[in-house]
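Accompanying notes for the structure given below.
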Amino acid sequence: MDRTKIDLWVGIFVALGVAALLGLAMKVGNLTSGKIGETYSVTAAFENVGSLKPHAPVKSAGVAVGRVDSIAFNSKTYEAIVTIKIDKRYNFPKDTFANIYTAGLLGEQYVGLEAGGDEDVLKNGDKIAKTQDAVVLEKMISQFLFSKASETDKDAKSSTSTSASEVKPAGAKSTELGDAPF
Amino acid sequence: MTKSNPLVSIIKTLQGIGHRMVERIWRLGAGARLFFLTIVYSGESFKRFHLTMREIYSTGVMSLLIIIVSAFFVGMVLALQGYNTLQKYGSSEAIGVLVSLSLVRELGPVVTALLFAGRAGTAITAEIGLMKTTEQLSAMEMMAVNPIARVVAPRFWAGVISMPILATLFSMVGILGGYIVAVPLIGVDEGAFWSQMQASVDFQSDIVNGIIKSLVFGVACTMIALFEGFDAPPTAEGVSRATTRTVVISSLTVLGLDFVLTSFMLVI
């Protein structure tokens, strides 16, 4: 086995390996997605961030404009301070809303930015004033139960005067999660 | 004495078990010593790189055929089985995620290591065992050529260099095989296949972890093959038993290390 043939085959082998690695990185992984480009940092305070994680996308009108950099806890105001990095190409007005949405029904959470109408734009280090917390499933359920309970209370009070309507089945006060609004 | 017969046989059994355990620990120590010496005498395998190149040819390039064909079939089977189950829950578009994550995280490194141990590991063990049997290693020592530097270290570095390349090739070809079954044959949407895959596979935590795993498996499999060959009894039967030991011990080690590495990586 002479040396030139071995060199050729080993060269082909290593080249195939590098090509496979590049293919994996570009096509399969998400190495090319938006890691290029300068960004500026902005903070936002939320009462509940739900399951938002660092590196979660920041989207505006459904398009990714940045990433969540870090999430910290402010022990004075008991709020979560989320630092997000927004691509320098996009400028947002000072009265932008920052909300936490869920991608899909039970998917990952991301930060959604809705532009306001202010003329001044956010700069590096600014704070987003208007925020809306993440939807926590348990709170929604308890809200729903509470509203259902108060509805049946009102119905009970009004049905004593209007006897024509059928009394709501006794199961109305118990949990009827089948017709939850989500 | 008929009374002490059962007691004697029990004692003999326990002695046998103890002896085998102690011998295994001796061998583990000898293997660690060979590993240490291989690292110490590695200079020559890089200064005279053609030695290592020759070994990369024998271990890496010659394993290409089995790796690529196996990867292709593994990818195709993953796509078929995955689609079969996913379409019951209406999530057949997640087939790309299933195939790519299974391959990149687990199947790529582990199956490549098992195939590598079977093909390249046994070749290394048989070669070195035969060198020992035909007294080539002793002849080298007599000529003041360090057999570890000349024979063992180049094969070690060749194995360590080849394994990640083979594992990455396995993952890529497997994903291609899965693509061929899922998109043209079954009819899953091509855009959904790739875009969901790109959204779920993270370069740093999945692909790089897979490469780290394959490096560790490469070190383990190559070292086990080298040690079994170096330590084989210098007879025909000894060498053949050494090759089977290589495959068995490499496979068990790879699977055990896989569990340990995965638990580290999932925590971190």
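Count, please, the residues in the stretch B:67-87 that happen to be surrounded by fewer than 21 Cβ atoms within 10 Å (Cβ to Cβ) and more than 14 Å from every other protein chain (Cβ to nearest Cβ).
Step one: of the stretch B:67-87, the residues surrounded by fewer than 21 Cβ atoms within 10 Å (Cβ to Cβ) are B:68-70, B:72-73, B:76-77, B:80-81, B:84-87.
Now restrict to residues that are more than 14 Å from every other protein chain (Cβ to nearest Cβ): B:69-70, B:73, B:76-77, B:80-81, B:84-87.
The number of residues fulfilling the criteria is 11.
Taking the stretch B:38-64 as the search range and keeping residues that are assigned to a loop (DSSP other than H, G, I, E, B) and either surrounded by fewer than 20 Cβ atoms within 10 Å (Cβ to Cβ) or aromatic (Phe, Trp, Tyr) (or both), which one is farthest from the chain's Cα centre (by Cα)?
Restricting to residues being assigned to a loop (DSSP other than H, G, I, E, B) and either surrounded by fewer than 20 Cβ atoms within 10 Å (Cβ to Cβ) or aromatic (Phe, Trp, Tyr) (or both), the top hit is B:Arg48.
In the stretch A:64-87, what residues are at pLDDT 85 or above and surrounded by fewer than 14 Cβ atoms within 10 Å (Cβ to Cβ)?
Correct list: A:Ser70, A:Ala72, A:Phe73, A:Asn74, A:Ser75, A:Lys76, A:Thr77, A:Tyr78.
Just checking, how many residues over the stretch A:101-149 are closer than 25 Å to A:Ser70 by Cβ, exposed (fewer than 13 other Cβ atoms within 10 Å of the Cβ) and of a type in the set (Ser, Thr, Tyr)?
Qualifying residue count, the stretch A:101-149: 0.
Need pairs with beta-carbon distance below 7 Å; first residue at the interface with chain A (Cβ under 8 Å from one of its Cβ atoms) and within 20 Å of B:Ile56 (Cα to Cα) and within the stretch B:157-186, second surrounded by fewer than 24 Cβ atoms within 10 Å (Cβ to Cβ) and of a type in the set (Phe, Trp, Tyr); sequence gap 6+ or separate chains.
Every condition considered, the pairs that remain are B:Ile165/A:Phe13.
Which ones in the stretch B:106-150 are in a loop (DSSP other than H, G, I, E, B) and not aliphatic (A, V, I, L, M)?
Narrowing the stretch B:106-150 to residues in a loop (DSSP other than H, G, I, E, B): B:134-135, B:143-146.
Correct list: B:Thr134, B:Glu135, B:Asn146.
Check whether at least one residue in the stretch A:46-62 is within 14 Å of chain B (Cβ to nearest Cβ), part of a loop (DSSP other than H, G, I, E, B), at pLDDT below 85 and crowded, with 18+ Cβ neighbours inside 10 Å, and report yes or no.
yes
Looking at B:Val208, is it without any contact (Cβ under 8 Å) to a residue 60 or more places away in the chain, within 23 Å of A:Ala20 (Cβ to Cβ) and within 11 Å of another protein chain (Cβ to nearest Cβ)? Lay out the reasoning, then the answer.
Values: without any contact (Cβ under 8 Å) to a residue 60 or more places away in the chain: yes; within 23 Å of A:Ala20 (Cβ to Cβ): yes; within 11 Å of another protein chain (Cβ to nearest Cβ): yes.
When the stated conditions are applied, B:Val208 passes them.
Test B:Val99 against the stated conditions and say whether it is within 26 Å of B:Glu190 (Cα to Cα), over 21 Å from the mean Cα position of the chain (by Cα) and of a type outside the set (Phe, Trp, Tyr).
Spelling it out, B:Val99 is indeed within 26 Å of B:Glu190 (Cα to Cα), over 21 Å from the mean Cα position of the chain (by Cα) and of a type outside the set (Phe, Trp, Tyr).
Tell me which of these B:Ser200 doesn't satisfy, since it passes every other one: (1) within 21 Å of B:Phe156 (Cα to Cα); (2) of a type in the set (Ser, Thr, Tyr); (3) facing chain A (nearest Cβ under 10 Å).
Unmet condition: (1).
So which of B:Pro154, B:Pro184 ends up being within 18 Å of the chain's Cα centre (by Cα) and in a helix (DSSP H, G or I)?
On the way: B:Pro184 fails: within 18 Å of the chain's Cα centre (by Cα).
Checking each option against the conditions leaves just B:Pro154.
Conditions tested, residue by residue: (1) free of Cβ contacts under 8 Å to residues at least 12 places away in the same chain; (2) within 23 Å of B:Phe116 (Cα to Cα).
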residue	(1), (2)
B:Ile11	yes, no
B:Ile17	yes, no
B:His50	yes, yes
B:Glu55	no, yes
B:Met62	no, yes
B:Val69	yes, yes
B:Met76	no, yes
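Considering (1) touching an Asp or Glu at 6+ places or on another chain (Cβ under 6 Å); (2) at pLDDT 90 or above, say which one A:Ala15 fails and leave the rest.
(1)
Does any residue of the stretch B:10-21 turn out to be among the basic types (Lys, Arg), farther than 30 Å from B:Gly178 by Cα and within 14 Å of chain A (Cβ to nearest Cβ)? Even if it seems obvious, please write down each step before you answer.
From the stretch B:10-21, those among the basic types (Lys, Arg) are B:12, B:20; that's our starting set.
Right, trim to farther than 30 Å from B:Gly178 by Cα and you get B:12, B:20.
Pick out the ones that are also within 14 Å of chain A (Cβ to nearest Cβ) and you get none.
No; the residues of the stretch B:10-21 include none that is among the basic types (Lys, Arg), farther than 30 Å from B:Gly178 by Cα and within 14 Å of chain A (Cβ to nearest Cβ).
Considering each of B:Leu101, B:Leu64 in turn, give the residue that is within 13 Å of another protein chain (Cβ to nearest Cβ) and either at pLDDT 95 or above or in contact with a Phe, Trp or Tyr (Cβ under 8 Å, 6 or more places away or on another chain) (or both). Write out each step before concluding.
Details: B:Leu101 fails: either at pLDDT 95 or above or in contact with a Phe, Trp or Tyr (Cβ under 8 Å, 6 or more places away or on another chain) (or both).
The conditions single out B:Leu64.
Looking at the stretch B:212-223, which of its residues are surrounded by fewer than 20 Cβ atoms within 10 Å (Cβ to Cβ) and within 14 Å of chain A (Cβ to nearest Cβ)?
Hits for the stretch B:212-223 are B:Ile212, B:Leu215.
Among the residues of the stretch B:98-135, write down those that are within 19 Å of B:Gly174 (Cα to Cα) and of a type in the set (S, T, N, Q). Write out each step before concluding.
So the first thing to find is which residues in the stretch B:98-135 are within 19 Å of B:Gly174 (Cα to Cα), and the list is B:98-116.
Across the stretch B:98-135, the qualifying residues are B:Ser100, B:Ser102, B:Thr112.
Mind listing whichever residues of the stretch B:151-171 are surrounded by fewer than 24 Cβ atoms within 10 Å (Cβ to Cβ) and among the aromatic types (Phe, Trp, Tyr)?
B:Trp157, the sole residue that qualifies.
Can you find a residue in the stretch B:224-240 that is assigned to a helix (DSSP H, G or I) and within 14 Å of another protein chain (Cβ to nearest Cβ)? If you could, list the steps in order and put the result at the bottom.
Going residue by residue through the stretch B:224-240, those that are assigned to a helix (DSSP H, G or I) are B:224-230, B:236-240.
From the residues that got through so far, the ones that are within 14 Å of another protein chain (Cβ to nearest Cβ) too are none.
Scanning the stretch B:224-240, I find no residue that is assigned to a helix (DSSP H, G or I) and within 14 Å of another protein chain (Cβ to nearest Cβ), so the answer is no.
The values are calculated or read from the model by the stated rules, or taken from the named source; none is laboratory data. In this text, all values refer to a predicted model and were calculated from it rather than measured experimentally. Backbone-built Cβ (ideal geometry, glycine too); neighbour counts: all protein chains shown.
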